[in-house]
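Below: the structure, in structure tokens.
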């Protein structure tokens, strides 16, 4: 059954001292896409968040309707301004109980520790609420900021995967980082 989305008033999933996590809503399209366009220099060549309303609508719909995904907007407290996003993709149940993280900070929020706080909230949600055993983050080796984020959160480097993901017109190598519920405690 699809999760309900209602835009900026969408239910808060978790709250920390400086950030709140909430689900994506269609009413977030203008703010999200404007921030994505403004942050193009920060994101590329690693990440390509939707910069147009139609692309955002499809993206948000996938994150709210697909049971193998859980998407969260990271919002600053108390303003509610979107600071970034963290998604759990490819959620597999059964004996695996795993998901793959995708995330990005917007330029005005980068380097302020907001994503570290938000990632901690997402880990708690993944392991306690969703009952997952493991989360993975696949990161291009040159993306030092992303590697530092997962390292701070307790992820461990598990290996190198050549030609792992097709990004920006080419197959890109990635480092495989992971954390289990037990390690996150």
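Each reported figure results from applying straightforward, stated rules to the coordinates on display, with no laboratory input. Not measured: the values here are computed from a predicted model. As a convention, Cβ positions derive from the backbone with ideal geometry for all residues, glycine included, and neighbour counts pool all protein chains shown.
Picking from 172, 112, 13, which is most flexible by a Gaussian network model of the chain using Cα springs under 10 Å?
Highest fluctuation of the listed residues: 112.
Say each of residue 58 and residue 110 gets a label point 7 Å from the Cα, pointing the same way as Cα to Cβ; how far apart are those two points in nm?
2.6 nm
Cα extents of the chain along the three principal axes, largest first, in whole Å?
Extents along the principal axes: 39, 35, 31 Å.
For the chain, what is the percent of antiparallel DSSP beta bridges, rounded to the nearest 5? The partial results should precede the final answer.
On the way: 34 of 38 bridges.
Antiparallel bridges make up about 90 percent of those DSSP assigns within the chain.
For a quick check: sort 127, 166 by the number of other beta carbons within 10 angstrom, fewest at the front. Could you put the intermediate results ahead of the total?
On the way: 127 21, 166 9.
By the 10 Å Cβ count, ascending, the order reads 166, 127.
Where the centre of each part is set by its Cα atoms, how far does region 38-117 sit from region 124-185, in angstrom?
14 Å
Which residue fluctuates most in the GNM of the chain (Cα springs below 10 Å): 49, 141, 78?
Among 49, 141, 78, the largest GNM mean-square fluctuation belongs to 78.
Nearest 500 deg cm²/dmol is fine: what mean residue ellipticity at 222 nm does the chain get from its DSSP H runs of n ≥ 4 alone, each adding -39,500 (n - 2.57), divided by its residue count? Numbers along the way, then the final one.
Details: 6 runs with 51 residues, N = 185.
For the chain, the value works out to -7500 deg cm²/dmol.
Taking neighbour counts of Cβ atoms within 10 Å as a proxy for exposure, in what order, fewest first, do 79, 116, 161, 146 appear?
On the way: 79 8, 116 16, 161 13, 146 22.
Listing 79, 116, 161, 146 from fewest to most nearby Cβ atoms yields 79, 161, 116, 146.
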